[in-house]
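Reviewing the structure listed below.
The values are calculated or read from the model by the stated rules, or taken from the named source; none is laboratory data. The structure presented is a predicted model; accordingly, all values stated were derived computationally and were not measured. Positions of Cβ are backbone-derived with ideal geometry, glycine not excepted, and every protein chain shown enters the neighbour counts.
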Amino acid sequence: MSRKKETSNSASVVGFVPDLMDQSKLRLEIPEICFIKEVSELFDLDVDLVVVDLSKPEVLDVLTEIKSTTLGFASHIDKETITAAEKAGCTKVLPRSKFFRDLHSLVNGVLKLD
């Protein structure tokens, strides 16, 4: 039994998530997600949702420039990064394990799909 739910075609989602395993988990929940390879591509996005892996240090430097709703994840022991991301305007920041465990409800809550 799959809990995968297709997101609306009208929702646009971009991810800066270099890890291929994390990308595959995200693609299961958000099939139309577009992954970018460079942090500089996060500037001037006009999308509904941006998902970022906060373990990449350069992400913290650009969070204030992202105008879209932003979901971020980091290691549960990296409290400093989590706090910095929240202060920089990341809409929701969670430890990696909780982020992927709650991904369905996070995405649906942000994109208001249910």
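For the range 24-59, which positions are assigned to a loop (DSSP other than H, G, I, E, B) and of a type in the set (D, E, K, R)? If you could, list the steps in order and put the result at the bottom.
Taking the range 24-59 as the starting set, the residues that turn out to be assigned to a loop (DSSP other than H, G, I, E, B) are 30-33, 36-38, 43-48, 54-56.
Matches in the range 24-59: E32, K37, E38, D44, D46, D48, K56.
Residues that are more than 23 Å from P31 (Cβ to Cβ) and in contact (Cβ under 8 Å) with a residue 40 or more places away in the chain were ranked within the range 56-100; the one that is surrounded by the most Cβ atoms within 10 Å (Cβ to Cβ) is V59. With respect to the conditions (1) at pLDDT 95 or above; (2) more than 20 Å from L106 (Cα to Cα); (3) not small (G, A, S), V17 lacks only one, and its number is (2).
Taking the range 60-86, which residues are in a helix (DSSP H, G or I), out of contact with any helix residue (DSSP H, G or I) (no Cβ under 9 Å at 6 or more places or on another chain) and charged (D, E, K, R)? K79, E80, E86, listed by residue number.
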